[in-house]
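Visitor: Sharing a structure here in structure tokens format.
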Number of protein chains: 2
Amino acid sequence: MSTSPTPPSPLDSVQLGAYFVLMEVAGLLRHAVEQQLRDDGDLSYVQFQLLARLGLDSPTGSERMTDLADGVVYSRSGLTYQAGLLEKAGLVSRAPSADDERSVTVTITDAGRSLISQVLPGHVEVLRQQLFSPLSRTDTQVLSDLLAPVRDHMRAAPPRSAGSRRRR
Amino acid sequence: MSTSPTPPSPLDSVQLGAYFVLMEVAGLLRHAVEQQLRDDGDLSYVQFQLLARLGLDSPTGSERMTDLADGVVYSRSGLTYQAGLLEKAGLVSRAPSADDERSVTVTITDAGRSLISQVLPGHVEVLRQQLFSPLSRTDTQVLSDLLAPVRDHMRAAPPRSAGSRRRR
DNA sequence: TATTGTTATACTCTATAACTATA
DNA sequence: TATAGTTATAGAGTATAACAATA
């Protein structure tokens, strides 16, 4: 069932090129960014994502475990592991949700917010140097507009048949 | 020395958006692709990259360890580990280089080539469904053209001050 | 019964440092 | 001395399955 009924029909060279550049740029960028986060705040990229989501995106500074897992494409156990690390470091707190006793609400602490602002300037610097220096403002806008539909498409299609539940 | 003399001056929202989409798309794509490679050929993404580089890019099917490490942004020991796995699986062979006794030449085997062609159709399918279905041919071309300079810029700048040697 | 989250466990990957051998 | 590669080792991250508790 892994072979499709239609002939393989390889991607054309433009598509292959786009695939490779995309993956290489993202890989190199992640590498650079992880090093900065490690140096400036002893954070992994995923941990930064979690903190940023709580501290920058969420108006309340809180989210349920499940929502965090959905946003970061994580296994439940993986998120539990990371949330445990963050909590042990005093960067977030966990408490049973008010409305649903099964849920756990994760909240960023003052120390967490402080760490974000400590790490953010360096982070922005890396982005500026590595990613944006070769891109004009228009380029950046176009790039964003091109990738946004892809992201939405990927989020919609549930290819992760692993566990069972995923979609909210 | 981690704070720059110039004011933090945060990225504008367009730049931040571009950064996040780029990372999310690449992350989701890598996730999907890794699952396919695992299912169809029991390969990690890095192992696939190594085999593809030897089998598809190199005309001779051989490369030195160092050149492979440069191409895949790996630590030397990491490459040794992966090359060891591939060799144990019979997908590559290793032999001291002819001209330089210090070097090791890695060569893809028939089994390695066979595995690539076994895995490639499914790989292409995933790319088509996940990445390219929301992109026109023009979109794809533009995306590629936008990212190519970024890749070149990142390759040139040696931010990995870790080990010591890196640039060829 | 379905969902939320945790735990135990095992495995893969990566990086650092020490080491050998050749240039 | 500098480079190519390996080894030992240690640590971080991830996933699976079994589990407990609530809806």
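Visitor: Could you give the alpha-carbon Rg of the protein assembly as shown over 2.2 N^0.38 Å, rounded to two decimals?
Guide: Here the Cα radius of gyration is 1.07 times the empirical estimate.
Visitor: Set the Förster radius R0 to 41 Å, insert the Cβ-Cβ distance between residue B:152 and residue A:93 as r into 1/(1 + (r/R0)^6), and round the FRET efficiency to 0.05.
Guide: The pair residue B:152/residue A:93 has a calculated efficiency of 0.35.
Visitor: What 222 nm value per residue comes from the helices of chain B, counting each DSSP H run with n ≥ 4 as -39,500 (n - 2.57) and dividing by all residues, nearest 500 deg cm²/dmol?
Guide: Helix contribution divided over all residues of chain B: -18500 deg cm²/dmol.
Visitor: Suppose we consider the axis relating copy A to copy B; can you name the residue of A with the nearest Cβ and state that distance in angstrom as an integer?
Guide: Result for the A and B rotation: A:26, 2.
Visitor: Right, next: Give me the net charge for the shell around residue B:152: Cβ to Cβ below 13 angstrom, other residues only, Lys and Arg +1, Asp and Glu -1.
Guide: 0
Visitor: Same structure, new question: Counting only other chains, what is the mean number of Cβ atoms within 10 angstrom of the Cβ of each residue in peptide B:126-132?
Guide: 5
Visitor: Here is a further query. Carbon and sulfur together cover what percent of the accessible area of the stretch A:42-120 at a 1.4 Å probe radius?
Guide: Exposed carbon and sulfur together represent 52 percent of the surface.
Visitor: Within the P(r) computed for the stretch A:30-168, what percentage of the Cα pairs occupies the region above 18 Å?
Guide: Of the Cα pairs, 63 percent sit more than 18 Å apart.
Visitor: Give the Cα extents of the stretch A:42-120 along the principal axes, in whole Å, largest first.
Guide: Ordered largest first, the stretch A:42-120 gives principal extents of 34, 23, 22 Å.
Visitor: GNM, chain A, Cα, under 10 Å: largest mean-square fluctuation among A:121, A:96, A:149?
Guide: A:149
Visitor: Output, in nm with one decimal and in ascending order, the distances from the residue A:90 label point to the matching label points of the other copies (7 Å from Cα along Cα-to-Cβ).
Guide: For residue A:90, the other copies' label points sit at 5.7 nm, shortest first.
Visitor: Compute the distance in nm between two label points, each set 7 Å from the Cα along the Cα-to-Cβ direction, one at residue A:30 and one at residue B:100.
Guide: Distance between the two pseudo-spin positions: 3.0 nm.
Visitor: Between residue A:67 and residue B:75, what's the calculated FRET efficiency when r is the beta-carbon distance and R0 is 30 Å? Round to 0.05.
Guide: Efficiency, from the Cβ-Cβ distance: 0.25.
Visitor: Here's something else I'd like to know. Counting protein heavy atoms only and a 1.4 angstrom probe, how many square angstrom of accessible surface do chains A and B bury in total, to the nearest 100?
Guide: 5800 Å²
Visitor: Here's a follow-up. Ignore the peptide's own chain and count Cβ atoms of other chains within 10 Å of each Cβ in A:44-54; give me the average, rounded.
Guide: Partner Cβ neighbours, averaged per residue: 1.
Visitor: Related question: Would you mind telling me which residue in B:76, B:64, B:137 has the biggest mean-square fluctuation in a Gaussian network model of chain B, where springs connect alpha carbons within a distance under 10 angstrom?
Guide: Evaluated over chain B, the most mobile residue of the options is B:137.
Visitor: For chain B, what is the accessible area per residue in Å², given a 1.4 Å probe and the full set of protein chains?
Guide: For chain B, the solvent-accessible area averages 53 Å² per residue.
Visitor: Over all residues in A:115-125, what is the mean tally of Cβ atoms on other chains that come within 10 Å of each residue's Cβ?
Guide: Going residue by residue through A:115-125 and averaging, the value is 3.
Visitor: May I ask you to list, by number, the DSSP H helices of chain B whose Cα span along the axis is at least 30 Å and whose average Kyte-Doolittle hydropathy reaches -1.0 or more?
Guide: Those that clear 30 Å and a mean of -1.0 are B:13-41.
Visitor: Sticking with this one: Provide an ascending nm list, one decimal, of label-point separations from residue B:145 to the equivalent residue in each further copy; define each label point as 7 Å from Cα along Cα→Cβ.
Guide: Output for residue B:145: 1.4 nm, nearest copy listed first.
Visitor: With a cut-off of 8 Å between alpha carbons and a minimum separation of six or more residues, what is the relative contact order of the stretch B:70-133 in percent?
Guide: 21 percent
The values are calculated or read from the model by the stated rules, or taken from the named source; none is laboratory data. These numbers were taken from a predicted model, which means no experiment stands behind them. Using ideal geometry, Cβ is built from the backbone for each residue, glycine included, and neighbour counts are taken over all protein chains shown. The protein model used for the area step is the full one, side chains on, heavy atoms only, and it has no ligands, DNA or RNA in it. Shrake-Rupley method; radii C 1.70, N 1.55, O 1.52, S 1.80 Å.
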